[in-house]
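S.K.: The structure that follows is given in the form of structure tokens.
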Amino acid sequence: MNEKFVKVEEYIKQLKDSIGIPYIDVVCCKNHEVIFRYIAGDHATGKEQLYMYSCSKVITAIAALRLVEMGKLSLDDKVCDYLPEIESAFFVNEEGEKECVGEQMTIQHLFTMTAGFTYDLQAPPILALAKESGGKAVLRDFIAKFVETPLSFKPGSRFQYSICHDVLAAVIEVVTGKKFSQYVKEVIFEPLGMEHSYFDNSDPQVEDIYMAYENGAIKKIDEGKILLPTRAYESGGGGLVSTVEDYLRFADALACKGMAKNGYRLVKEETLQLLTSKQITGLSVNNGFTCVQGDDYNYGLGVRVRQKPTAWGLEEGEFGWDGAAGSYVMIDPHKELAVFIGMHIREWPFVFTGKHLEIVEKIYKAL
């Protein structure tokens, strides 16, 4: 045990024992070196494969921004220029009339979740396609189904947590001419040595997943693991399976101005500045859901972005995201430091709200 981090380890163990968390893995990396790791869980090895859910969004955003760097994609481009099906997108106005607004939707709207989509993957057209295809329909097959039901609002007029990153993944497929999973494997996973990460659900050997309930109980569940309409659906917003060690390699590169430990340039430094620029101005952002870490955050291009420093050392510009099973990434470019917390509990806010940031605070105080 590193004496500097004794209080951090004690706090994590206390959380596990008091809340009943079956597994938690906390790791911190500074300037390419792991300076702290603590794994609490019965028989845990640190190699567990986890459903990362919305932590997927950060990887999808970086994958798309690489195309922006290359001039193959622009934030101002119309989505329907890549996905013609989107042109038929509509919403119902206050007079009850349908307004076709598909041509107004841009790539930036996808990044910022202001396109008007919802997160309803149980909508009748989506469920019907999944059934008709025998569970084999792929992401692109579903794009036309997304716009058979009305958008919630005109693109750009509101913020709403949604399937925008799934649509962005489909755009990536069109631009690259490759499956989303293959492109991400080639430009992110393989160069960074993320050998146990994938979007294609080809080998779903993930750990047991649990569910937290409002009464504080945590129980193992057998169904509803991937939260996707089909296993062939490669979700840019929630389809990543990875390990704590793998995801940390990605987070570490972002913390170090886009440069990985092995010298691979993941993204340019100016791209990271764009990623973390405040995007939601004059629009309501429900931080209680979209940025669970608190009201001190706004939204960038697919990541939460801290807007004010903390008294204990977290500065403006820290960014990251979390996932539906409790995994959490925090990237501090000022200190070239990244923290990743791996968990596997759906509905974790019932038992863990605020605890991610408390772990980070204790790590910072130990530095």
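The values are calculated or read from the model by the stated rules, or taken from the named source; none is laboratory data. The model shown is predicted, which means the values in this text are computed figures rather than measured ones. Counting neighbours? That spans all protein chains shown, and the Cβs are built from the backbone with ideal geometry, glycine included. Areas reflect the complete protein model, heavy atoms only, side chains present, ligands, DNA and RNA absent. Shrake-Rupley method; radii C 1.70, N 1.55, O 1.52, S 1.80 Å.
S.K.: In nm, give the distance between the simple-model label positions of GLN273 and VAL174, each being 7 Å from the Cα along the Cα-to-Cβ direction.
M.R.: 3.1
S.K.: Once you put a point 7 Å from the Cα of ASN31 and another 7 Å from the Cα of GLU358, both along the Cβ direction, what distance in nm separates them?
M.R.: 3.2
S.K.: Next question. Per the Kirkwood treatment, what hydrodynamic radius in Å, one decimal, follows for segment 111-153 from the mean inverse distance over all distinct Cα pairs?
M.R.: 11.1
S.K.: So what is the diffusion coefficient of segment 148-247 in µm² per second by Stokes-Einstein at 10 °C and 1.306 mPa s, using a Kirkwood Rh over Cα pairs?
M.R.: After rounding, the answer is 100 µm²/s.
S.K.: Within 10 Å of each candidate Cβ there may be at most 14 other Cβ atoms; applying that plus a DSSP loop requirement, which GluC sites (Glu not before Pro) in segment 194-270 survive? List each step's numbers first, then the result.
M.R.: Numbers: sites: GLU195, GLU207, GLU214, GLU223, GLU234, GLU245, GLU269, GLU270; in loops: GLU195, GLU207, GLU214, GLU223, GLU234.
Those satisfying the criteria are GLU195, GLU214, GLU223.
S.K.: Moving on to the next point. Select from the chain the helices, each a whole stretch of DSSP H, whose alpha-carbon atoms run 27 Å or more along the helix axis and whose Kyte-Doolittle mean is at least 1.0; answer none if there are none. Kindly include the intermediate steps, with their values, before the conclusion.
M.R.: Numbers: long enough: none.
For the chain, where a helix must reach 27 Å along its axis and average at least 1.0, there are no hits.
S.K.: How would LEU301, LEU367 rank on accessible area, largest to smallest, probe 1.4 Å?
M.R.: LEU367, LEU301
S.K.: Kindly state, as a whole number, the per residue volume in cubic angstrom of the convex hull around the alpha carbon atoms of segment 121-200. Intermediate values should be presented prior to the final figure.
M.R.: Values: hull volume 10.2 nm³, N = 80.
Here the figure is 128 Å³ per residue.
S.K.: In the chain, what is the volume of the convex hull around the alpha carbon atoms, normalised per residue and reported in Å³?
M.R.: 136
S.K.: Within the P(r) computed for segment 51-179, what percentage of the Cα pairs occupies the region above 24 Å?
M.R.: On the way: 2112 of 8256 pairs.
Cα-Cα pairs of segment 51-179 separated by over 24 Å account for 26 percent.
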